[in-house]
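To keep things clear, I will list the structure first and then write my remarks on it.
Here, each number is a calculation from the coordinates, and none is a lab measurement. This structure is a prediction, so every number in the text was calculated from the model and none was measured. Backbone-built Cβ (ideal geometry, glycine too); neighbour counts: all protein chains shown.
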Amino acid sequence: MKAISIKEQLGFSDQGPAKKIFYDAGDIKAQTVCLKAGQTIPPCAMEHDVLFYFLEGSGRIIVDGDTTEVTAGTCVVVPKAVKSRSIAATTNMVVLAVQSVGK
């Protein structure tokens, strides 16, 4: 077992989304993503399923052109088959992203 303080992983950047991988066990990877209001993660594809849990703030996630508004407490699972996903912060936003990188 490994206990991790999420609060210690957080930090915002004026240069763009601040990502910090805090756990990587080969078959699962977890990171925090901090976005200031107005920042975005540009559209991209992922090789693995990803669970996004929005810890703070509000904004939207766009998956293959479909937009979903998100607020603190929202959880979105994006399968690897998706061609494009992006996140845009309306307010300062903190996201926990967990990827299954196994087979």
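Observations
- Column: log10 I(q)/I(0), Debye, Cα scatterers of the chain, q = 0.18, 0.19, 0.21, 0.22 Å⁻¹: -0.84, -0.94, -1.14, -1.24
- Under 15 Å from the Thr90 label point (7 Å along Cα→beta-carbon), backbone N, segment 19-37: 37
- If R0 is 30 Å, the Cβ-Cβ spacing of Gln15 and Ala81 corresponds to a FRET efficiency of close to 0.45.
- Rounded if a/c under 1.5, otherwise prolate or oblate - segment 13-67, Cα gyration tensor axes: oblate
- Residue with peak Gaussian network fluctuation, the chain [Cα springs, cutoff 10 Å], from Val82, Val70, Val33: Val82
- Summing Cβ point charges (Lys, Arg +1; Asp, Glu -1) relative to the Cα centre of segment 1-91 gives a dipole of roughly 140 debye.
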